[in-house]
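S.K.: Handing you this structure, nothing more for now.
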Amino acid sequence: MDSTIPNGAIEPIGVVSSPRKKRRDDEWGTVESTITLDAEQFDPVALNGLSTFSHAEVIFFMDRVREEEIEWKARHPRNNSDWPSVGIFAQRAKSRPNRIGLSRCQITSVDGLTVSITGLDAIDGTPILGLKPYMNEFGPNGPVRQPAWADELMANYY
């Protein structure tokens, strides 16, 4: 593969403050967190206008997943043998290559370099890689489908 990411091209832009200190799979819907941008990199004007959006997409690095936990092939989601073994890219497991997480969260406020959000499934101290306003046009084109096991898995996630 010829594509490479230049050294230092991806650096955290901020950090999560959350009441959740340990990894957990469910009940993220009411979790209130903050993302604070790095004051050495950013001025508060970087967040101007974000508060006019209801939701943001948050890209983060799951730094508490150890390298030996990373799955490169297939497994049963949450190691539940009632669900089919599917490739790591057919699930949203924490133990994925590159350990990158993506969540769509509700913005509750923006103050200086801090964004308050609800529903971020990242634990306290998680490095933030990116923050984007969610726009309807970036939603799916056409109907969304997913297997029944995914409905079961996500039943209590939010």
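Coordinate-derived values only; no laboratory data. Given the structure is predicted, the values throughout are model-derived calculations rather than measurements. Reconstructed Cβ throughout: ideal geometry from the backbone, glycine too, with neighbour counts over all protein chains shown.
S.K.: For the range 145-158, just list the computed ³J(HN,Hα) in residue order, Karplus coefficients 6.51, -1.76 and 1.60, θ = phi - 60°, integers in Hz, with x standing in for Gly and Pro.
M.R.: Each residue's phi maps through the Karplus curve to give 10, 7, x, 4, 4, 5, 4, 5, 4, 8, 3, 10, 5, 10 Hz.
S.K.: On the Cα set of the range 1-129, report Rg and Dmax in Å, please.
M.R.: Answer for the range 1-129, Rg first and Dmax second: 16.2, 49 Å.
S.K.: May I pose another question? Considering amide H positions built from the backbone, and no H for Pro or chain starts, which residues 5 or more places from L120, or on another chain, come under 5 Å of its amide H?
M.R.: Result for L120 returns S33.
S.K.: While we're on this one: Pairs on different chains or at least eight residues apart, Cα atoms closer than 25 Å: how many lysine pairs in the chain fit?
M.R.: Here the count comes out as 5.
S.K.: Another question about this same structure. Explain nothing, just compute: Karplus ³J(HN,Hα) = 6.51 cos²θ - 1.76 cosθ + 1.60, θ = phi - 60°, for every residue of the range 78-84 in order, whole Hz, x for Gly and Pro.
M.R.: Going residue by residue, I get 6, 6, 8, 5, 6, 9, x Hz, with x marking Gly and Pro.
S.K.: At what distance in angstrom do the alpha carbon centres of the range 30-50 and the range 91-151 lie from each other?
M.R.: 16
S.K.: Tell me, what ³J(HN,Hα) does each residue in the range 104-111 have, in order and in whole Hz, if you take phi through Karplus 6.51 cos²θ - 1.76 cosθ + 1.60 with θ = phi - 60° and put x for Gly and Pro?
M.R.: Those phi angles translate into 9, 10, 7, 7, 9, 6, 10, 9 Hz.
S.K.: Given H placed 1.01 Å from N in the peptide plane, which residues other than close sequence neighbours of L131 have an amide H under 5 Å from its amide H?
M.R.: I59
S.K.: Compute the distance in nm between two label points, each set 7 Å from the Cα along the Cα-to-Cβ direction, one at K73 and one at S54.
M.R.: Result: 4.4 nm between the two label points.
S.K.: Which log10 I(q)/I(0) values, to two decimals, does the range 55-108 give at q = 0.15, 0.22 Å⁻¹ under the Debye formula with one point per Cα?
M.R.: -0.49, -0.84
S.K.: Across the range 1-71, what fraction of all alpha-carbon pairs, as a whole percent, falls in each successive 5 Å bin from zero upward?
M.R.: Pair shares across the bins are 3, 9, 16, 21, 20, 15, 10, 5, 0.
S.K.: Ok, one more. Highest mean first, what order results for 38-49, 109-120, 134-145, 86-97 on Cβ atoms within 10 Å?
M.R.: Answer by packing, highest mean first, reads 109-120, 86-97, 38-49, 134-145.
S.K.: Right, something else. Select from the range 19-72 those trypsin sites (Lys or Arg not before Pro) which occupy a DSSP coil region and have at most 16 other Cβ atoms within 10 Å, ordered by residue number.
M.R.: Passing both the DSSP loop test and the Cβ count: K21, K22, R23, R24, R64, R66.
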